[in-house]
Amino acid sequence: MGDNDLSGELPAFEESKEYQMTHLWIYNNNLSGSIPATMGTTMKHMTMLLLYGNELSSVLPSTMDMLTSLTWLDLASNQLSGNLPDEFYSSTSLENVYLNYNWFWGNVRPRIKNLVNLKELWLDNNYFSGEITSGYRFLEELTSLQLHNNSFTGEVPELFCGLVNPPSGAPLDVTLNCNRQLHTEWQDYVECNCCTESQCI
(Lines give C-alpha, C1' and ligand atoms only; values in the text may rest on other atoms or scores of the structure.)
Protein backbone atom coordinates (compact mmCIF):
# COMPACT_ATOMS: atom_id res chain seq x y z
CA MET A 1 0.00 0.00 0.00
CA GLY A 2 2.98 2.25 -0.46
CA ASP A 3 3.00 5.34 -2.67
CA ASN A 4 -0.72 6.05 -2.50
CA ASP A 5 -2.88 8.82 -1.08
CA LEU A 6 -4.13 7.03 2.02
CA SER A 7 -5.08 9.26 4.94
CA GLY A 8 -6.43 8.96 8.46
CA GLU A 9 -4.93 7.10 11.40
CA LEU A 10 -3.63 3.58 11.81
CA PRO A 11 -6.30 1.37 13.41
CA ALA A 12 -5.98 0.22 17.00
CA PHE A 13 -5.41 -3.51 16.68
CA GLU A 14 -7.57 -5.70 18.90
CA GLU A 15 -5.57 -6.85 21.92
CA SER A 16 -7.48 -10.12 22.10
CA LYS A 17 -6.13 -11.17 18.68
CA GLU A 18 -2.74 -12.25 17.43
CA TYR A 19 -2.33 -11.24 13.81
CA GLN A 20 -0.24 -13.36 11.43
CA MET A 21 0.92 -10.42 9.30
CA THR A 22 4.68 -10.36 8.64
CA HIS A 23 5.00 -7.24 6.47
CA LEU A 24 3.25 -3.88 6.79
CA TRP A 25 4.20 -1.42 4.07
CA ILE A 26 2.20 1.82 4.11
CA TYR A 27 4.96 4.23 3.15
CA ASN A 28 4.65 7.55 1.29
CA ASN A 29 1.02 8.23 2.15
CA ASN A 30 -0.74 10.83 4.32
CA LEU A 31 -1.27 8.86 7.51
CA SER A 32 -1.47 10.90 10.71
CA GLY A 33 -1.84 10.28 14.43
CA SER A 34 0.26 7.92 16.51
CA ILE A 35 1.57 4.39 16.07
CA PRO A 36 -0.84 2.20 18.06
CA ALA A 37 0.69 0.60 21.15
CA THR A 38 -1.35 -2.52 20.41
CA MET A 39 0.77 -3.12 17.31
CA GLY A 40 3.51 -4.40 19.59
CA THR A 41 1.25 -6.73 21.52
CA THR A 42 -0.67 -8.25 18.60
CA MET A 43 1.81 -8.49 15.71
CA LYS A 44 4.57 -10.67 17.06
CA HIS A 45 5.17 -12.21 13.63
CA MET A 46 5.95 -8.86 12.02
CA THR A 47 9.39 -8.78 10.36
CA MET A 48 9.18 -5.57 8.31
CA LEU A 49 7.40 -2.34 9.26
CA LEU A 50 7.66 0.44 6.67
CA LEU A 51 5.74 3.59 7.56
CA TYR A 52 8.14 6.21 6.23
CA GLY A 53 6.96 9.30 4.39
CA ASN A 54 3.76 9.95 6.32
CA GLU A 55 2.67 12.49 8.95
CA LEU A 56 2.74 10.22 12.00
CA SER A 57 3.33 12.02 15.28
CA SER A 58 3.58 11.36 19.00
CA VAL A 59 6.25 9.08 20.51
CA LEU A 60 7.63 5.66 19.66
CA PRO A 61 5.42 3.12 21.49
CA SER A 62 7.03 1.38 24.46
CA THR A 63 5.62 -1.92 23.19
CA MET A 64 7.94 -2.00 20.16
CA ASP A 65 10.22 -4.48 21.92
CA MET A 66 7.37 -6.99 21.85
CA LEU A 67 7.76 -7.24 18.07
CA THR A 68 10.29 -9.98 18.65
CA SER A 69 10.56 -10.94 14.95
CA LEU A 70 11.00 -7.40 13.65
CA THR A 71 14.20 -6.95 11.66
CA TRP A 72 13.42 -3.90 9.49
CA LEU A 73 11.94 -0.71 10.98
CA ASP A 74 11.58 2.34 8.76
CA LEU A 75 9.77 5.32 10.28
CA ALA A 76 11.76 8.00 8.47
CA SER A 77 10.25 11.30 7.34
CA ASN A 78 7.41 11.58 9.83
CA GLN A 79 6.81 13.87 12.82
CA LEU A 80 7.64 11.43 15.60
CA SER A 81 9.21 12.98 18.69
CA GLY A 82 10.39 12.37 22.23
CA ASN A 83 13.14 10.20 23.66
CA LEU A 84 13.70 6.70 22.39
CA PRO A 85 11.90 4.56 25.00
CA ASP A 86 13.84 2.15 27.21
CA GLU A 87 12.13 -0.74 25.46
CA PHE A 88 13.66 0.26 22.14
CA TYR A 89 17.06 -0.83 23.45
CA SER A 90 15.67 -4.31 24.08
CA SER A 91 14.56 -4.85 20.47
CA THR A 92 17.42 -7.24 19.78
CA SER A 93 15.97 -8.65 16.54
CA LEU A 94 16.39 -5.32 14.71
CA GLU A 95 18.86 -5.25 11.81
CA ASN A 96 17.92 -2.10 9.87
CA VAL A 97 16.52 0.96 11.66
CA TYR A 98 15.67 4.24 9.95
CA LEU A 99 14.39 6.99 12.25
CA ASN A 100 15.87 9.88 10.30
CA TYR A 101 13.99 13.08 9.46
CA ASN A 102 11.80 13.13 12.56
CA TRP A 103 11.74 15.20 15.74
CA PHE A 104 13.31 12.77 18.21
CA TRP A 105 15.37 14.33 20.98
CA GLY A 106 17.41 13.38 24.05
CA ASN A 107 20.42 11.10 24.35
CA VAL A 108 21.10 7.89 22.48
CA ARG A 109 21.92 5.70 25.46
CA PRO A 110 24.85 3.32 25.90
CA ARG A 111 22.29 0.52 25.92
CA ILE A 112 22.32 0.78 22.13
CA LYS A 113 25.02 -1.89 22.46
CA ASN A 114 22.23 -4.40 23.18
CA LEU A 115 21.05 -4.23 19.55
CA VAL A 116 23.78 -6.61 18.46
CA ASN A 117 22.21 -7.47 15.08
CA LEU A 118 22.11 -3.90 13.78
CA LYS A 119 23.53 -3.44 10.29
CA GLU A 120 22.23 0.05 9.51
CA LEU A 121 21.16 2.73 11.99
CA TRP A 122 20.08 6.10 10.59
CA LEU A 123 19.30 8.73 13.22
CA ASP A 124 20.23 11.81 11.18
CA ASN A 125 18.13 14.97 10.91
CA ASN A 126 16.56 14.84 14.37
CA TYR A 127 17.22 16.70 17.62
CA PHE A 128 19.30 14.13 19.48
CA SER A 129 21.78 15.71 21.88
CA GLY A 130 24.52 14.90 24.38
CA GLU A 131 27.73 13.03 23.78
CA ILE A 132 28.00 10.27 21.21
CA THR A 133 27.93 7.02 23.12
CA SER A 134 30.77 4.54 22.85
CA GLY A 135 28.12 1.80 22.97
CA TYR A 136 28.31 1.62 19.19
CA ARG A 137 31.66 -0.18 19.49
CA PHE A 138 29.83 -3.37 20.50
CA LEU A 139 27.73 -3.48 17.33
CA GLU A 140 29.94 -5.81 15.33
CA GLU A 141 27.49 -6.14 12.41
CA LEU A 142 27.06 -2.39 11.96
CA THR A 143 28.02 -1.07 8.50
CA SER A 144 26.18 2.28 8.30
CA LEU A 145 25.65 4.81 11.11
CA GLN A 146 24.11 8.17 10.17
CA LEU A 147 24.22 10.78 12.96
CA HIS A 148 24.53 14.08 11.10
CA ASN A 149 22.24 17.09 11.56
CA ASN A 150 21.47 16.60 15.25
CA SER A 151 22.67 18.47 18.34
CA PHE A 152 25.42 16.16 19.57
CA THR A 153 28.28 17.63 21.60
CA GLY A 154 31.68 16.55 22.88
CA GLU A 155 34.28 14.50 21.07
CA VAL A 156 33.89 11.69 18.60
CA PRO A 157 34.56 8.35 20.35
CA GLU A 158 37.89 6.77 19.51
CA LEU A 159 35.88 4.03 17.80
CA PHE A 160 35.30 6.35 14.83
CA CYS A 161 38.77 7.87 14.63
CA GLY A 162 40.55 6.65 11.54
CA LEU A 163 38.54 3.46 11.65
CA VAL A 164 38.64 1.50 8.42
CA ASN A 165 37.26 -1.87 9.46
CA PRO A 166 35.02 -2.66 12.42
CA PRO A 167 35.20 -6.15 13.97
CA SER A 168 32.90 -7.50 11.25
CA GLY A 169 35.53 -6.74 8.63
CA ALA A 170 33.14 -4.55 6.59
CA PRO A 171 33.82 -0.84 6.06
CA LEU A 172 31.92 1.30 8.56
CA ASP A 173 30.08 4.22 6.97
CA VAL A 174 29.74 6.97 9.60
CA THR A 175 28.49 10.48 8.97
CA LEU A 176 28.71 13.31 11.50
CA ASN A 177 28.80 17.08 11.31
CA CYS A 178 32.19 18.37 12.39
CA ASN A 179 32.59 21.61 14.28
CA ARG A 180 34.56 23.25 11.49
CA GLN A 181 34.40 26.84 10.34
CA LEU A 182 33.17 25.73 6.93
CA HIS A 183 30.15 23.94 8.41
CA THR A 184 28.74 26.50 10.85
CA GLU A 185 25.20 26.19 9.49
CA TRP A 186 24.79 22.75 11.14
CA GLN A 187 23.69 22.25 14.70
CA ASP A 188 26.29 19.72 15.85
CA TYR A 189 29.20 20.78 18.03
CA VAL A 190 31.27 17.63 17.81
CA GLU A 191 35.06 17.74 17.75
CA CYS A 192 36.14 15.55 14.83
CA ASN A 193 39.88 16.20 14.82
CA CYS A 194 40.73 12.55 14.17
CA CYS A 195 38.03 11.76 11.60
CA THR A 196 38.52 11.47 7.88
CA GLU A 197 36.61 13.57 5.37
CA SER A 198 34.43 10.57 4.50
CA GLN A 199 33.38 10.11 8.12
CA CYS A 200 32.71 13.75 9.02
CA ILE A 201 30.79 15.77 6.48
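A few comments on the model shown:
Conditions (1) at positive phi; (2) within 15 Å of the chain's Cα centre (by Cα), marked per residue:
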residue: 2; (1), (2): no, no
residue: 12; (1), (2): no, no
residue: 30; (1), (2): no, no
residue: 41; (1), (2): no, no
residue: 47; (1), (2): no, no
residue: 58; (1), (2): yes, no
residue: 61; (1), (2): no, yes
residue: 82; (1), (2): yes, yes
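- Residue in segment 12-23 that is assigned to a loop (DSSP other than H, G, I, E, B), open to solvent by less than 40 Å² (accessible area, probe 1.4 Å) and out of contact with any His (no Cβ under 8 Å at 6 or more places or on another chain) present: yes
- Yes/no for residue 139 being crowded, with 19+ Cβ neighbours inside 10 Å and either modelled with pLDDT of 55 or more or at negative phi (or both): yes
- Counting the residues of segment 101-138 that are part of a loop (DSSP other than H, G, I, E, B), farther than 20 Å from residue 56 by Cα and among the hydroxyl-bearing types (Ser, Thr, Tyr) gives 1.
- In the condition set (1) of a type in the set (A, V, I, L, M, F, W, C); (2) open to solvent by 20 Å² or more (accessible area, probe 1.4 Å); (3) farther than 23 Å from residue 175 by Cα; (4) under 14 Å from the mean Cα position of the chain (by Cα), residue 51 is compliant with all but (2).
- Pair list, Cβ under 6 Å, 6 or more apart: segment 129-147 residue more than 19 Å from residue 107 (Cβ to Cβ), other residue surrounded by fewer than 23 Cβ atoms within 10 Å (Cβ to Cβ) and small (Gly, Ala, Ser): 140/168; 141/168; 143/170
- Residue match in segment 96-103 (condition: at pLDDT 95 or above and β-branched (Val, Ile, Thr)): yes
- Residue 73 vs. criteria surrounded by 15 or more Cβ atoms within 10 Å (Cβ to Cβ), over 17 Å from the mean Cα position of the chain (by Cα) and not in a loop (DSSP other than H, G, I, E, B): no
- Residue in segment 61-70 that is nearest to residue 126 (Cα to Cα), counting only those that are open to solvent by 20 Å² or more (accessible area, probe 1.4 Å) and part of a loop (DSSP other than H, G, I, E, B): 62
- Filter pass, residue 97 being under 17 Å from residue 52 (Cα atoms) and either open to solvent by less than 70 Å² (accessible area, probe 1.4 Å) or assigned to a strand (DSSP E or B) (or both): yes
- So residue 90, is it over 18 Å from residue 34 (Cβ atoms), in contact (Cβ under 8 Å) with a residue 40 or more places away in the chain, open to solvent by 40 Å² or more (accessible area, probe 1.4 Å) and more than 12 Å from the chain's Cα centre (by Cα): no
Matching residues to (1) surrounded by fewer than 17 Cβ atoms within 10 Å (Cβ to Cβ); (2) within 23 Å of residue 34 (Cβ to Cβ):
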residue: 78; (1), (2): no, yes
residue: 85; (1), (2): yes, yes
residue: 102; (1), (2): no, yes
residue: 113; (1), (2): yes, no
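The values are calculated or read from the model by the stated rules, or taken from the named source; none is laboratory data. What you see is a predicted model, and the numbers here were worked out from it, not measured in a lab. Ideal geometry is used to build each Cβ from the backbone, glycine not excepted, and the neighbour counts take in all protein chains shown. The protein model used for the area step is the full one, side chains on, heavy atoms only, and it has no ligands, DNA or RNA in it. Shrake-Rupley method; radii C 1.70, N 1.55, O 1.52, S 1.80 Å.
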